[in-house]
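The values are calculated or read from the model by the stated rules, or taken from the named source; none is laboratory data. Since the model is a prediction, treat every value here as computed from it, not as a measurement. Here Cβ is always computed from backbone atoms with ideal geometry, including for glycine, and neighbour counts include all displayed protein chains.
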Amino acid sequence: MMEADEFEEVVLAPLLPEELASQPTSELVYRRLRDAVQTGGYAPFTRLTQEQIAEQLSVSRTPVRDALTRLANDGTVMWTPGRGGYVVPDVTPDGVREVHHVRRALECLGVQEAAPNYSPRDIHLLRSLYREEASADPAHADYFAMNCDFHLALIQPANNQLLVRLLDQLWRLPAARTIANRYIDSAERTRRSFAEHARLIDAAEQHDGASLVRLLGEHIDGSYTYAAAAITSQPARASSGSITG
């Protein structure tokens, strides 16, 4: 596969004083690096060095080390001693397929358990999140987070915090963002996604578990099918080694 050195180097903007005053430095570094990886700012196999990141963000190495450790635990980056430490994983067809299968199973279980429990407040939250997402620019970095918030709000009424935590971790994986971004890279598919979200809200309001499972399964399958086809059609990269995400 293609080595990261062949891509343009990513330069992170320094953290601002007002940012540093608002949150712990390690949290800010974690979020900045997570967003850079998940939005495709780093090419696959980019080596993330503490020294370079600390210099770019104008912070010490300690919060960078803490952030990289968290990112490795999340699965956002990989610890590969033989390749220079922390590395940005590649998004492969197998990785996308695995994320899809696990996500589908967990989310469908979540809405099935949540169906009897949706309250008027839950439906109001879902409609508010839907309106925010519908008025946002799909190309904006926050759009992915809005989509995650909507899907997590669908399963919160299941009152299964382990399920919520597992899905939250799953959504952090680069393959999960790849599936979402590939699906909304055209106006037609974005409109389709909004329409599917609206039908999910209606089914939740009716406490219709069977329809929720069916509609959500179709929604998730549709995004995966398009993303998998797009990734498979990419030219193969040549490499002496392989790291899968």
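Hey, any hits in the stretch 183-204 for a residue that's under 24 Å from TYR42 (Cα atoms) and crowded, with 17+ Cβ neighbours inside 10 Å? Within the stretch 183-204, one or more residues are under 24 Å from TYR42 (Cα atoms) and crowded, with 17+ Cβ neighbours inside 10 Å.
Is there a residue being modelled with pLDDT under 80 and among the small types (Gly, Ala, Ser) anywhere in the stretch 190-205? Checked against the condition, which is being modelled with pLDDT under 80 and among the small types (Gly, Ala, Ser), the stretch 190-205 yields no hits at all.
Looking at ARG127, is it under 20 Å from ASP168 (Cα atoms) and in the same structural domain as ALA175 (by TED's automatic domain parsing)? Here the answer is no, as ARG127 does not meet what is asked.
Every residue, every condition in (1) acidic (Asp, Glu); (2) within 19 Å of GLU27 (Cα to Cα); (3) surrounded by fewer than 19 Cβ atoms within 10 Å (Cβ to Cβ), yes or no:
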site: GLY40; (1), (2), (3): no, no, yes
site: GLN50; (1), (2), (3): no, yes, yes
site: LEU57; (1), (2), (3): no, yes, no
site: ALA72; (1), (2), (3): no, yes, yes
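Can you name the residue in the stretch 231-245 that is surrounded by fewer than 17 Cβ atoms within 10 Å (Cβ to Cβ) and in contact with a helix residue (DSSP H, G or I) (Cβ under 7 Å, 6 or more places away or on another chain) and is also modelled with the lowest pLDDT among such residues? Filtering first and then ranking leaves THR244.
Restricted to the stretch 69-121, and to residues there that are modelled with pLDDT of 95 or more and among the hydrophobic types (A, V, I, L, M, F, W, C), the residue that is farthest from PHE45 (Cα to Cα) is ALA115. Taking the condition free of Cβ contacts under 8 Å to residues at least 40 places away in the same chain, farther than 19 Å from ARG104 by Cβ and either among the charged types (D, E, K, R) or outside any helix (DSSP H, G or I) (or both), does ALA139 pass? For ALA139, the condition - free of Cβ contacts under 8 Å to residues at least 40 places away in the same chain, farther than 19 Å from ARG104 by Cβ and either among the charged types (D, E, K, R) or outside any helix (DSSP H, G or I) (or both) - is met.
There is at least one residue in the stretch 131-142 that is crowded, with 18+ Cβ neighbours inside 10 Å, out of contact with any Leu (no Cβ under 9 Å at 6 or more places or on another chain) and assigned by TED's automatic domain parsing to the domain that holds ASP221.
All conditions but one from (1) in contact with a Gly (Cβ under 6 Å, 6 or more places away or on another chain); (2) on the phi > 0 side of the Ramachandran plot apply to ASP90; the one that does not is (2).
Restricting attention to the stretch 114-126 and to residues that are farther than 15 Å from GLY209 by Cα and exposed (fewer than 14 other Cβ atoms within 10 Å of the Cβ), the residue that is farthest from the chain's Cα centre (by Cα) turns out to be PRO120.
When the stretch 75-92 is filtered for residues that are under 21 Å from the mean Cα position of the chain (by Cα), crowded, with 16+ Cβ neighbours inside 10 Å and outside any loop (DSSP other than H, G, I, E, B), the ones remaining, listed by number, are MET78, TYR86, VAL87, ASP90. Could you tell me whether ALA180 is loosely packed, with under 15 Cβ neighbours inside 10 Å, of a type in the set (Gly, Ala, Ser) and either farther than 16 Å from ALA105 by Cα or at pLDDT 95 or above (or both)? The answer is no for ALA180.
Applying a threshold of 9 Å to beta carbon distances and a minimum spacing of six or more residues, or different chains, the list of pairs starting in the stretch 187-212 at a residue that is among the β-branched types (Val, Ile, Thr) and ending at one that is modelled with pLDDT of 95 or more reads ILE201/ILE123; ILE201/LEU126; ILE201/ARG127; ILE201/TYR130; ILE201/LEU154.
When ILE155 is tested against (1) at pLDDT below 95; (2) assigned to a helix (DSSP H, G or I), only condition (1) is not met.
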